[in-house]
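The structure appears right after this line, and notes come after that.
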Amino acid sequence: MSRWVQHRMNARMSRKIRGGRGTFMGMDVLILYTAGRRSGQARQTPVAWFADGADAWLVVASGGKTRHPDWHLNLMGRPDRASIELPGRGAVPVTPHVLDGAEREQAWQRITAAQPRYAKYQRKTGREYPVVRLTPR
């Protein structure tokens, strides 16, 4: 998919989220704000999220077959600039933490139980999708 098409789709989804409609294909969606890891420019990307307790959100870096999506690289490259926006709620500064080991496996099981398509996507790639916990900063 071209970057132009992706940009247009992201802009449309962001407008929907700001308008109070934060779902896409049966998944809850938030706007993830990051800064370009090289440029420092502000970026925003709608991503699906899964609840992780009362005040934390899980996101899966599932885009692309051979490398992590740009938003994940930006998030981890400049974690101090991360924030999220949920429908009906202003921006919340967050701290990202990539899960590993048993912690990742437990989260992955909850995610794939809620949305089996993630397991299908994972089988089609040679890399393990990062699962990132976002907690309020």
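Only the coordinates and a few stated rules stand behind these numbers; no lab work does. Being a predicted model, the structure only gives us computed values, none of them experimental. Because the Cβ atoms are built from the backbone with ideal geometry, glycine has one as well, and the counts that use them run over all protein chains shown.
Summary of computed values
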{"item": "Net charge dipole size for segment 3-136 [Lys, Arg +1 and Asp, Glu -1 on Cβ; Debye, nearest 20]", "result": "780"}
{"item": "Euclidean distance of C-alpha centroids, segment 66-83 and segment 117-137, integer Å", "result": "13"}
{"item": "Per-q log10 I(q)/I(0), the chain, q = 0.16, 0.18, 0.19, 0.20 Å⁻¹ (Debye; single scatterer per alpha-carbon; no solvent)", "result": "-0.84, -1.10, -1.24, -1.39"}
